[in-house]
Amino acid sequence: MSEIDRLIAEHCPDGVEFEPLRDVGTWYGGGTPSKSRPEYWQDGTIPWLSPKDMTTGTLSATEDRIASAAIESSAAKLVPAGSIAFVVRSNVLRRRLPVALVPFATTMNQDMRAVKPRDGIDLDYLAQVCRAKSDSILASAGRTDGSMAAIRGPGLLEFKVPVPPPPIQHALAEMLGKIERLQVELEAELEAELEARTRQYEHYRDQVLRLSSSVPIGRVRDFVDFSNARAHEKFVDPAGTIALMTARFISRGEANRFVRPEDVRTPAYEGDVALVMSDLPNGKALAKTFYVDSDNTYAANQRVCLLRSRDPSVLLPRFLHRVMDRNPQLLAYNNGMDQTHLKKDDILEVRIPVPPTEDQERVVAILDRLDSVSVELAGGIASELSARRKQYKYYRDKLLTFEERAA
């Protein structure tokens with residue numbers, strides 16, 4: 001018998017009480033002080049959370065600060081340290097429900113809610129439960145999908161969670177915390193390995209592309225036709241057969257959005273090179289390219305462009321793909337602080353080597369082999385990451401599954 005089983009047998013052999021979230025503590029709403037009132041923001045020292053801060057299970061810092069005048073005027077409300085924050089309105093709700101423990105006193109965006117657990121409810125335990133049940137909470141809360149996805153407050157507050165006696169809560173929180181820390185450490189190691197493999201590939205790619213100084217150099221605009229892609233979001237259809245080339249698709253190779261052939265606004269043809277024009281600061285997708293190997297298979301979405309060699313006997317399409325992929329001249333536009341938006345001229349002014357086609361073919365063959373090895377290694381690491389995450393979720397859910405006490 002495990003320690004948890006022993007505690008359950010001792011403290012609640014007939015099952016565990018389940019309580020609606022509204023009863024587990026004191027709830028706090030958010031507020032967004034007016035940007036037209038500088039006294040609310042100037043020289044601010046009080047943290048102000050927004051959905052963009054909710055990227056980890058436990059928050060450690062926020063970028064934004066407000067002044068005490070905002071709280072004094074009731075434009076914002078102070079949330080005590082040791083609360084659990086939820087996002088209730090954000091497009092991220094179309095995929096998941098962000099839940100995070102907030103260890104410091106803070107204020108929040110109007111699109112957030114927080115709960116401070118009452119006495120007798122362990123903060124870490126409740127945070128673990130809410131994260132574990134986040135998909136069920138999202139479904140139960142009746143998500144709305146308007147211009148901005150949101151969940152209904154009553155559905156969130158009425159969602160029931162298990163509340164075992166404090167000794168069981170403490171034991172579970174401690175055990176899950178240890179498992180979570182091991183998981184984080186392992187993920188960090190695997191992600192570092194994945195990053196190292198990516199840098200290794202880029203190093204060898206750059207070495208291969210470092211051609212003789214006698215090789216002619218030209219601007220992309222002298223050899224390539226440029227097409228800016230159009231938006232397809234309103235045409236996305238699970239029954240579609242044309243894969244939509246988005247930044248995610250090009251950077252990760254995951255085709256998860258499709259459109260019908262009759263709805264394609266920017267068709268891609270064999271020999272086209274798709275390039276990502278927009279990405280977050282220090283993102284991995286900016287200037288990433290994808291080679292289109294067949295007709296009637298792909299469509300390019302907004303923030304992606306298509307490049308087509310005017311004369312494949314001068315510039316091989318596959319060589320264009322390799323020489324433009326994460327090209328340093330394009331990455332130089334990323335300042336690390338703002339979202340990068342490449343312009344047409346930024347791309348067309350890139351200077352590339354144009355050796356004889358037999359040399360281009362040799363370079364492409366080498367890089368194809370390197371890419372194949374890199375993809376295989378990255379795929380193995382990604383699979384291991386996915387397996388470890390599923391393993392953690394399995395044990396977490398198993399530990400947090402209780403028999404409900406009969407009324």
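Annotations for the structure displayed:
- Positive-end ranking of Ile168, Leu186, Thr266 along the dipole of the chain, with charges on Cβ about the Cα centre, is headed by Thr266.
- Semi-axis lengths, Å, region 202-343, gyration tensor of Cα atoms, sqrt of 5 times eigenvalues: 26, 19, 12
- Sites matching trypsin sites (Lys or Arg not before Pro) across region 289-372 that sit in DSSP coil, with at most 13 neighbouring C-beta atoms within 10 Å: Arg310, Lys343
- Compactness of region 346-385, taken as the C-alpha radius of gyration over 2.2 N^0.38 Å, stands at 1.71.
- Region 364-388 and region 75-111 have their alpha-carbon centroids 37 Å apart.
- Each residue of the chain gets 176 Å³ once the volume of the Cα convex hull is shared out per residue.
- The reciprocal of the average 1/r between distinct C-alpha atoms defines the Kirkwood hydrodynamic radius, which for region 107-219 equals 19.1 Å.
- The stretch between Val373 and Lys77, if pulled fully straight at 0.36 nm per residue, gains 101.2 nm over its current Cα-Cα span.
- Rounded to the nearest 10 square angstrom, Trp27 shows an accessible area of 60 square angstrom against a 1.4 Å probe.
- Figure legend: label point modelled 7 angstrom from the Cα of Ala61 along Cα→Cβ; residues of region 82-116 with amide N under 16 Å from it are 103-104.
- Violating pairs (Cα-Cα greater than 29 angstrom) within the set Lys52/Lys390; Lys133/Lys284; Lys35/Lys133; Lys77/Lys398: Lys133/Lys284; Lys35/Lys133; Lys77/Lys398
- Modelled spin labels at Asp225 and Arg152, positioned 7 Å past Cα toward Cβ, are 5.3 nm from each other.
- Computed from the Cβ-Cβ distance with R0 of 60 Å, the FRET efficiency linking Gln329 to Lys234 stands at 0.95.
- Under a 5 Å amide H cut-off, with hydrogens placed 1.01 Å from N, Gln110 pairs with Gly31, Thr32 among residues at least 5 apart or on other chains.
- Scattering from region 293-407 was approximated by placing one identical point on each alpha carbon and applying the Debye formula without solvent; log10 I(q)/I(0) at 0.11, 0.20, 0.22 1/Å stands at -0.63, -1.24, -1.30.
- Sorted largest first, the spans of the alpha carbon positions of region 1-151 along the three principal axes are 60, 33, 24 Å.
- For Val161, the residues whose modelled amide H falls within less than 5 Å of its own, excluding neighbours fewer than 5 places apart on the same chain, are Glu19, Leu21.
- Shape category assigned to region 186-225 from the gyration tensor of Cα positions, a/c cut at 1.5: oblate
The values are calculated or read from the model by the stated rules, or taken from the named source; none is laboratory data. The structure presented is a predicted model; accordingly, all values stated were derived computationally and were not measured. Heads up, the Cβs are rebuilt from the backbone with ideal geometry, glycines too, and the neighbour counts pull from every protein chain shown. Keep in mind that these areas ignore ligands, DNA and RNA; they rest on the heavy atoms of the full protein, side chains included. Shrake-Rupley method; radii C 1.70, N 1.55, O 1.52, S 1.80 Å.
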